[in-house]
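Worksheet for the structure shown next.
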Amino acid sequence: MDSSSTNHGGPLGAQTQYQDGYDKSLLHPMTRSQGRQAVGLDSWQYAGEDQWTAYEFSWLNARGKPEVAELSFNVPVTSPNIIESKSMKLYLNGFSQTRFANTQEMLGTLERDLSGGFGCKITANLRGVNAVENTGVLAGQCLDDIDIDIDVYDYSPELLLSVDLAGKGEHRLYSHGFRSLCPVTGQPDWASIAIEYRGVTIEPAGLLRYLVSYRNHQAFHETTIERIFTDIWQRCSPQRLSVYGRFLRRGGIDINPYRSSEEGEVPHIRVARQ
């Protein structure tokens, strides 16, 4: 969804009055097709998922004592809806002052609401704060190490170039310097982008310039990764491709879309700055 898309009725960009209690109506679903059509992606089929993590999730137990955990859930790319991230923050914040008889009751409420909002079955996972695993490292060539001049900061897919047409192979590349903009507030969204593909070599300097050209591009996380995937697929014709966006959290929540040309195991890599 880019800056030309509408967000009628949603909380993003509006002044917020935080509530102390649970309120299912705070969730604001939006159809995936709305965002994809805005950037010409409505006819594309992807494998993958959107990985949500709420690092500051809390609720009250039956005795009124606060419980704290890391909440995570994965949304299949085939779900009919996404949920606007600010509405998710408002909704989850309501749990922090709501009593539940036990953790199972809380999770049941949460999963029913999220499943209804996304339009598919959602399974939530809780981990104690002290149980969160160590951070991971993205594999492959770091594009940020390339010593080049860059002066294009507006979306430019023509910067993608294929080289070495005589040979094909497996390639892994990543960049920590990615930035795009929220399509409503204009605030920056920072991310590490990992790209894996099989096929003719994509010129690394051109790929870095292409990723940097998103610095003034306005779109939500999900369609940003789909746009990158589609541009590489169309312009460089790989045999296999995956694009993974590890976005930094805002308001205690991050959304990390993964898109692939093939079904299979989806990676879960939390980079150090997340």
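The values are calculated or read from the model by the stated rules, or taken from the named source; none is laboratory data. These numbers were taken from a predicted model, which means no experiment stands behind them. Every residue, glycine as well, gets a Cβ built from its backbone with ideal geometry; the counts of neighbours run over all protein chains shown.
What the table below lists for this structure:
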{"item": "Residue among Gly186, Gly199 that alone is modelled with pLDDT of 90 or more and of a type in the set (Gly, Ala, Ser)", "result": "Gly199"}
{"item": "Test: residue in region 102-111 that is assigned to a helix (DSSP H, G or I), of a type in the set (Gly, Ala, Ser), under 16 Å from Ala69 (Cβ atoms) and modelled with pLDDT of 95 or more", "result": "yes"}
{"item": "Members of region 58-77 that are buried (at least 16 other Cβ atoms within 10 Å of the Cβ) and either part of a loop (DSSP other than H, G, I, E, B) or without any contact (Cβ under 8 Å) to a residue 40 or more places away in the chain (or both)", "result": "Ser58, Glu67, Val77"}
{"item": "Verdict on Gly251 being surrounded by fewer than 16 Cβ atoms within 10 Å (Cβ to Cβ) and of a type outside the set (Lys, Arg)", "result": "yes"}
{"item": "Complete set of residues in region 12-36 that are at pLDDT 80 or above and among the polar types (S, T, N, Q)", "result": "Ser25, Thr31, Ser33, Gln34"}
{"item": "Subset of region 247-257 (residues that are of a type outside the set (Asp, Glu) and in contact (Cβ under 8 Å) with a residue 60 or more places away in the chain)", "result": "Arg249, Arg250, Gly251, Gly252, Ile253, Ile255, Asn256, Pro257"}
{"item": "Residue satisfying condition, being without any contact (Cβ under 8 Å) to a residue 24 or more places away in the chain, of a type in the set (S, T, N, Q) and farther than 27 Å from Arg227 by Cβ, within set Gln97, Gln104", "result": "Gln104"}
